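The next block holds one structure in the form of structure tokens; read it before the comments.
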Amino acid sequence: MKIGPRNAMFRVLVNNFLLHEKIKTTEAKAKELRIIAEKMITRAKDSSLANRRLLAQNLTPKLTKKIIDEVAPRYKERNGGYTRIIKLGPRNSDGAKMAIIELLK
């Protein structure tokens with residue numbers, strides 16, 4: 001990922017999402033998060049040294065190990081679509097559209 005406040009926010013979101021496998025956020029952030037997370041899971045499925053290093057650039061060491069050892073083998077037979085976005089109602093305070101994004105089991 002590139003450097004900047006927006007990308008830093010998504011780096012934190014991806015780390016928390018992959019750690020907890022479920023996160024509640026705005027609908028727009030969830031859609032962008034889906035793209036980033038699915039690319040990372042696809043990279044983790046082919047755990048070559050280059051892919052491990054690319055994952056390690058954006059994830060914590062503990063999370064890099066988790067995604068390669070636990071998450072990626074779960075989706076070995078699947079070619080994409082590792083996440084699900086469930087739309088919720090608007091947030092009370094500002095009316096932002098909310099959603100839950102989660103990894104499929």
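Beta carbons closer than 6 Å, at least 6 apart along the sequence or on distinct chains, pair a first residue in segment 1-29 that is in contact (Cβ under 8 Å) with a residue 24 or more places away in the chain with a second that is of a type in the set (Asp, Glu) and assigned to a strand (DSSP E or B) for 22/102. Residue 51 satisfies every condition listed in (1) more than 21 Å from residue 8 (Cα to Cα); (2) of a type outside the set (Val, Ile, Thr); (3) surrounded by fewer than 19 Cβ atoms within 10 Å (Cβ to Cβ); (4) touching a Lys or Arg at 6+ places or on another chain (Cβ under 7 Å) except (1).
Only one of 74, 78, 43 is within 16 Å of residue 105 (Cα to Cα), surrounded by 13 or more Cβ atoms within 10 Å (Cβ to Cβ) and not β-branched (Val, Ile, Thr). Can you tell me which? It is 74.
The condition of being of a type outside the set (A, V, I, L, M), buried (at least 17 other Cβ atoms within 10 Å of the Cβ) and under 13 Å from residue 101 (Cβ atoms) holds for only one of 64, 25, that being 25.
Yes or no: residue 50 out of contact with any helix residue (DSSP H, G or I) (no Cβ under 6 Å at 6 or more places or on another chain) and free of Cβ contacts under 8 Å to residues at least 24 places away in the same chain? So residue 50 fits the description; yes.
Among the residues of segment 32-48, at least one is small (Gly, Ala, Ser) and in contact with a strand residue (DSSP E or B) (Cβ under 8 Å, 6 or more places away or on another chain).
Remark: pairs (first residue in segment 63-83, farther than 12 Å from residue 47 by Cα and in contact (Cβ under 8 Å) with a residue 12 or more places away in the chain; second residue basic (Lys, Arg) and surrounded by 14 or more Cβ atoms within 10 Å (Cβ to Cβ); Cβ separation under 6 Å; 6+ apart in sequence or on different chains) = 83/34. Evaluation of residue 63 against the conditions (1) within 21 Å of residue 31 (Cα to Cα); (2) within 17 Å of the chain's Cα centre (by Cα) shows that the sole unmet condition is (1).
Just so you know, all these numbers are worked out from the coordinates, no wet-lab data involved. Not measured: the values here are computed from a predicted model. All Cβ positions, glycine included, derive from the backbone under ideal geometry; neighbour counts span all protein chains shown.
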